[in-house]
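Accompanying notes for the structure given below.
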Amino acid sequence: MFFRHALALTITYVASWGAALAQGYPAKPIRLIIASAAGGSTDTIGRTVGDGMADALGQPVVHDNRAGAGGIVAGDLTARAAPDGYTFLLATTAGIAVSGNFYKTLPYDPIKDFAPIVLVATQPYVMVVNPAVANSVSELIARARAKPGQITFGSTGIGTSSHLAGEFLKNITGIDILHVPYKSMSAAMIDVASGRASLAFGSHIATVSLVKSGRLKALAVTSATRSSGAPELPTLDEAGVRGYALENWYGLLAPARTPLAIVNRINAIANKTLSRAEVKERMARDGTSAMGGTSAEFGMFINTEIVKWAKLLKSAGIVADK
């Protein structure tokens with residue numbers, strides 16, 4: 001009997017403490033760690049959500065760009081932060097769903113060390129090449145077969161989605177192309193445009209200006225369906241790489257043990273931001289689909305994605321890195 005009363009009192013206290021904390025929250029600026037360098041789609045999406053949070057909460061949201069190791073740097077920083085509602089993470093597929101399958105050791109557990117808040121958006125990659133390399137996917141593949149190991153593709157680092165996009169292309173087609181990791185997608189794009197690299201898989205935001213200027217040529221998108229940002233481009237499947245489908249996603253997370261009242265409040269704010277017509281239209285122009293939903297749904301999505309990427313990595317013959 002005493003145990004039941006003690007448990008009931010504890011539950012009541014925790015619930016009351018969470019509610020009280022949420023009522024006085026926030027009392028200072030909030031830090032949003034963005035798992036990318038400034039510029040590009042991840043940064044743009046993070047700032048869109050961050051601005052919505054700032055407007056609704058009445059406190060500044062400080063955008064802290066932490067690129068590196070496929071999102072692991074940003075993930076580790078967030079996992080070690082105090083679970084007080086003043087630190088959040090705008091994560092991508094690589095740091096949460098891929099890294100646990102790709103690296104043998106991680107400084108954090110993708111499931112246990114984070115509180116999921118909301119799935120923010122999904123986005124395909126655009127496959128771009130230096131105009132001197134090829135005019136179509138089939139021409140690129142033919143050239144790669146004729147010159148094995150001489151075609152290079154840039155990415156934002158080992159184990160990132162932009163890296164694995166190229167590895168899946170290699171696996172499905174059997175071509176031999178060389179991976180070259182960069183610190184940022186903009187750096188990779190500059191090298192492709194200058195001819196120092198042959199191709200890359202980048203977001204619509206990262207590629208559109210260079211494509212319009214003629215410095216890059218867009219060949220296809222990586223998603224199963226055509227992109228709203230470039231509907232004229234075929235999917236890789238349509239271009240002859242049968243069965244190819246890959247998309248990047250962006251999600252908002254907090255350190256584990258962040259009070260549920262705060263998680264729910266930020267979830268509501270993020271959903272309201274993502275439901276705005278101007279936000280949806282802006283994301284669509286960038287080839288991005290605004291998502292949303294409950295924190296529980298995002299948690300289930302993450303679990304599903306981890307399993308999916310484990311299967312994709314195994315089928316592509318990509319082994320865990322040290």
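Conditions (1) within 13 Å of ASN248 (Cβ to Cβ); (2) free of Cβ contacts under 8 Å to residues at least 60 places away in the same chain; (3) not in a helix (DSSP H, G or I), marked per residue:
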site	(1), (2), (3)
ARG143	no, yes, no
PRO148	no, yes, yes
GLY154	no, yes, yes
ALA165	yes, no, no
ILE172	no, no, no
ASP176	no, yes, yes
ILE190	no, yes, no
ALA206	yes, no, no
SER209	no, yes, no
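Being farther than 22 Å from GLY68 by Cα, acidic (Asp, Glu) and out of contact with any helix residue (DSSP H, G or I) (no Cβ under 7 Å at 6 or more places or on another chain) is the requirement here; does ASP84 meet it?
Numbers: farther than 22 Å from GLY68 by Cα: yes; acidic (Asp, Glu): yes; out of contact with any helix residue (DSSP H, G or I) (no Cβ under 7 Å at 6 or more places or on another chain): yes.
Criteria met by ASP84.
Among THR105, THR78, which is the only one that is in the same structural domain as THR288 (by TED's automatic domain parsing), farther than 16 Å from ILE45 by Cα and in contact with a strand residue (DSSP E or B) (Cβ under 7 Å, 6 or more places away or on another chain)?
Values: THR105 fails: in contact with a strand residue (DSSP E or B) (Cβ under 7 Å, 6 or more places away or on another chain).
The unique qualifying residue is THR78.
Under the condition of being touching a Lys or Arg at 6+ places or on another chain (Cβ under 7 Å) and in a helix (DSSP H, G or I), which residue from region 57-85 is surrounded by the most Cβ atoms within 10 Å (Cβ to Cβ)?
Narrowing region 57-85 to residues touching a Lys or Arg at 6+ places or on another chain (Cβ under 7 Å): 59, 62-64, 67, 73-74, 77, 83.
In the following step, the residues that additionally are in a helix (DSSP H, G or I) were identified as 73-74, 77.
On the way: VAL73: 16, ALA74: 26, LEU77: 19.
Looking at the filtered set, the residue picked out is ALA74.
Out of ASN264, ASN303, report the one residue that is of a type outside the set (Phe, Trp, Tyr), assigned to a helix (DSSP H, G or I) and over 25 Å from GLY100 (Cβ atoms). Full working, then the answer.
Numbers: ASN303 fails: over 25 Å from GLY100 (Cβ atoms).
Unique residue meeting the criteria: ASN264.
Name, by its number, the condition in (1) in a loop (DSSP other than H, G, I, E, B); (2) within 17 Å of the chain's Cα centre (by Cα) that does not hold for GLY251.
With (1) in a loop (DSSP other than H, G, I, E, B); (2) within 17 Å of the chain's Cα centre (by Cα) applied to GLY251, the lone miss is (1).
Please name all residue pairs, on different chains or six or more residues apart, with Cβ atoms under 6 Å, provided the first residue is in region 23-40 and is polar (S, T, N, Q) and the second residue is part of a loop (DSSP other than H, G, I, E, B).
Here the result reads SER36/ALA67, each pair linking region 23-40 to a residue that is part of a loop (DSSP other than H, G, I, E, B).
So which residues in region 300-322 are under 18 Å from the mean Cα position of the chain (by Cα) and surrounded by 16 or more Cβ atoms within 10 Å (Cβ to Cβ)? Before you say what the answer is, go through the steps one by one.
The first filter runs over region 300-322 and keeps only residues under 18 Å from the mean Cα position of the chain (by Cα), leaving 300-310, 312-313.
Across region 300-322, the qualifying residues are PHE301, ILE302, GLU305, ILE306, TRP309, LEU312, LEU313.
Tell me, yes or no, whether region 240-248 has at least one residue that is in contact with a strand residue (DSSP E or B) (Cβ under 6 Å, 6 or more places away or on another chain), small (Gly, Ala, Ser), over 15 Å from GLY202 (Cα atoms) and at pLDDT 95 or above. Working first, answer last.
The initial filter retains those residues of region 240-248 that are in contact with a strand residue (DSSP E or B) (Cβ under 6 Å, 6 or more places away or on another chain), namely 247-248.
The next check asks that each one be small (Gly, Ala, Ser); those that pass are none.
No.
How many of the residues in region 231-276 are crowded, with 21+ Cβ neighbours inside 10 Å and of a type in the set (Ser, Thr, Tyr)?
4
Which ones in region 241-276 are closer than 24 Å to TYR25 by Cα, free of Cβ contacts under 8 Å to residues at least 60 places away in the same chain and among the hydrophobic types (A, V, I, L, M, F, W, C)?
Selection gives ALA268 alone.
Scan region 180-230 for residues that are charged (D, E, K, R) and under 26 Å from VAL73 (Cβ atoms) and jot them down.
If we filter region 180-230 for residues that are charged (D, E, K, R), which is where we start, we get 183, 191, 196, 212, 215, 217, 226.
LYS183, ASP191, ARG196, listed by residue number.
The rows are residues; the columns are (1) over 20 Å from MET185 (Cα atoms); (2) in a strand (DSSP E or B); (3) aliphatic (A, V, I, L, M).
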position	(1), (2), (3)
PHE88	yes, yes, no
ALA91	no, yes, yes
ILE96	no, no, yes
GLY100	yes, no, no
LEU119	yes, yes, yes
VAL128	no, yes, yes
VAL133	no, no, yes
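Going through region 277-288 one residue at a time, which ones are touching a residue at least 12 places away in the same chain (Cβ under 8 Å) and either surrounded by fewer than 21 Cβ atoms within 10 Å (Cβ to Cβ) or outside any helix (DSSP H, G or I) (or both)? Talk me through it step by step, then tell me what you get.
Residues of region 277-288 that are touching a residue at least 12 places away in the same chain (Cβ under 8 Å), as a first pass: 279, 282-288.
Hits for region 277-288 are VAL279, ARG282, ALA284, ARG285, ASP286, GLY287, THR288.
For residues that are modelled with pLDDT of 95 or more and β-branched (Val, Ile, Thr), tally how many sit in region 18-44.
Residues that pass the stated criteria total 3.
Search region 212-240 for residues that are more than 25 Å from ARG282 (Cβ to Cβ) and pair each with any residue that is in a strand (DSSP E or B) and of a type in the set (Gly, Ala, Ser) when their beta-carbon atoms are under 9 Å apart and the residues are at least 6 apart or on different chains.
If the second residue must be in a strand (DSSP E or B) and of a type in the set (Gly, Ala, Ser), the pairs left are LEU236/ALA220; ASP237/ALA220; GLU238/ALA220; ALA239/ALA220.
Of the residues ALA165, ALA146, which is among the small types (Gly, Ala, Ser), surrounded by fewer than 21 Cβ atoms within 10 Å (Cβ to Cβ) and not assigned by TED's automatic domain parsing to the domain that holds ILE45? Quick ask: steps written out before the conclusion?
Numbers: ALA165 fails: surrounded by fewer than 21 Cβ atoms within 10 Å (Cβ to Cβ).
Sole residue among the options that is among the small types (Gly, Ala, Ser), surrounded by fewer than 21 Cβ atoms within 10 Å (Cβ to Cβ) and not assigned by TED's automatic domain parsing to the domain that holds ILE45: ALA146.
The values are calculated or read from the model by the stated rules, or taken from the named source; none is laboratory data. Since this is a predicted model, take the numbers as computed values, not measurements. Please note: Cβ atoms are built from the backbone with ideal geometry, for glycine as well, and neighbour counts cover all protein chains shown.
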